[in-house]
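**Q** Got a structure here, written out as structure tokens. Questions coming.
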Amino acid sequence: MPRRAVLCIAVVSLLAAACSGGADEAVREPAPAPTDVSVIASEAAPADDFPAEVVNSWGVTSFQGYLDIDRRQTTDHPYGPLGGGATTLLRSLDEQVGESQAIVVGTVVDISPAYSNSVGGGFWYAPSSLAIGWILQDVTIEVERVLGDAAGLTAVGDAQKESIVVTIFGGQLEVTFDESVDPASLPEGLEPGRTYVHSVAPNVEVAEGDRILVFFYMSMSPWFGAPVDEAMPWGKTSRAGQPNQPVGTKAVAFGNWHHLDADGQQITVQERTVTFDELEAMADAGLGQLLSDAVAPRSPNNRPQWMSDLRRDQ
């Protein structure tokens, strides 16, 4: 029997307001909506292969639409038009080198279904936390050449990794909330027992088979159900008037992406062209120099200076 779903367009990474819909199939019996992060932490473990759906305390998060696509692109939208979009700040070449920990040339060989930043990839919502739910996709790159690596992100012992996984923002999730969920635990305007589509345009547009260059870095990121690190703001801080519900932390690789021709050996950034050999020399001299610690993941205490300035201005 076909599923009835109504599209909800979101610009930010929370489920946006009032869409309505329903699900015809029976939902497996998840536990009640959580009052503590430990409830989620015991429900699922990260998996290499995404299932068709994930069940957690809120209901069912489905990835089935992505599994039916033969050649994945980060811009795939199996549940309807993509909504919103992220603004990517255009950094200079020197800034990209200074803010990154590794530079890799390679070919995209796999793109995961979209998922939420939680253990198991299912929907979550914690109004008391400074962290919010994202939509993410993992892009696997077959490594052709490493132009620099300040933190050993591309190394396996004395050898080079054959592939790396870099995460991007954006995609779609279809979420069916269980009828037993307390409405007060959901974002405003969403109701138990109904199906919604959470949709955010990706900040990176790549497809399987694309040859690319990535400046990438590890980041300590909020991850619901993961171990809590109280050094992170979301691990110890609650919003005013809300009970404390900390969110865990996971290290994730993000990056700045550049498309390449099949045999190209250079990139151009803001009208400045540099060959791979020149970029390798730049990496030797300055990779990660704009971080407080060039070998540690980005965190609130280890971020590029311009990000710290923005934070102080808010």
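**Q** Using a 1.4 angstrom probe and counting only protein chains, how large is the accessible area of residue 267 in Å², to 10?
**A** 10
**Q** Count the net charge of all other residues whose Cβ sits under 10 Å from the Cβ of residue 219, scoring Lys and Arg as +1 and Asp and Glu as -1.
**A** Once all neighbours under 10 Å are counted, the net charge is +3.
**Q** Quick check for me: using +1 on Lys/Arg Cβ and -1 on Asp/Glu Cβ, what's the dipole size of the stretch 125-268 about its Cα centre, in debye to the nearest 20? Numbers along the way, then the final one.
**A** Numbers: 7 positive and 19 negative charges, 105 e Å.
Around 500 debye, computed over the stretch 125-268.
**Q** What nm distance separates the two modelled labels at residue 293 and residue 67, each placed 7 Å from Cα along Cα→Cβ?
**A** Placing both labels 7 Å beyond Cα along the Cβ direction yields 4.0 nm.
**Q** Let me ask you something else. Taking only protein heavy atoms and a 1.4 Å probe, what accessible area per residue, in Å², does the stretch 200-304 have with all protein chains in place?
**A** Normalised by residue count, the accessible surface of the stretch 200-304 is 47 Å².
**Q** Report relative contact order for the stretch 176-284 in percent, whole number only (criteria: Cα-Cα under 8 Å, sequence separation at least 6).
**A** 22
**Q** Work through the residues other than residue 106 whose Cβ is under 11 Å from its Cβ and net out their charges, Lys, Arg +1 and Asp, Glu -1.
**A** My count for the surroundings of residue 106 gives -1.
**Q** I've got another one for you. Please report, in debye to the nearest 20, how large the charge dipole of the stretch 129-196 is about its Cα centre when each Lys and Arg carries +1 at its beta carbon and each Asp and Glu carries -1 there.
**A** For the stretch 129-196, the charge dipole is close to 220 debye.
**Q** The stretch 155-219: which GluC sites (Glu not before Pro) are DSSP loop and have at most 14 other beta-carbon atoms within 10 angstrom?
**A** 162, 179, 188, 205
The values are calculated or read from the model by the stated rules, or taken from the named source; none is laboratory data. All of these numbers come straight from a predicted model, not from anything done at the bench. All Cβ positions, glycine included, derive from the backbone under ideal geometry; neighbour counts span all protein chains shown. The area values use the complete protein model at the heavy-atom level, side chains included, leaving out ligands, DNA and RNA. Shrake-Rupley method; radii C 1.70, N 1.55, O 1.52, S 1.80 Å.
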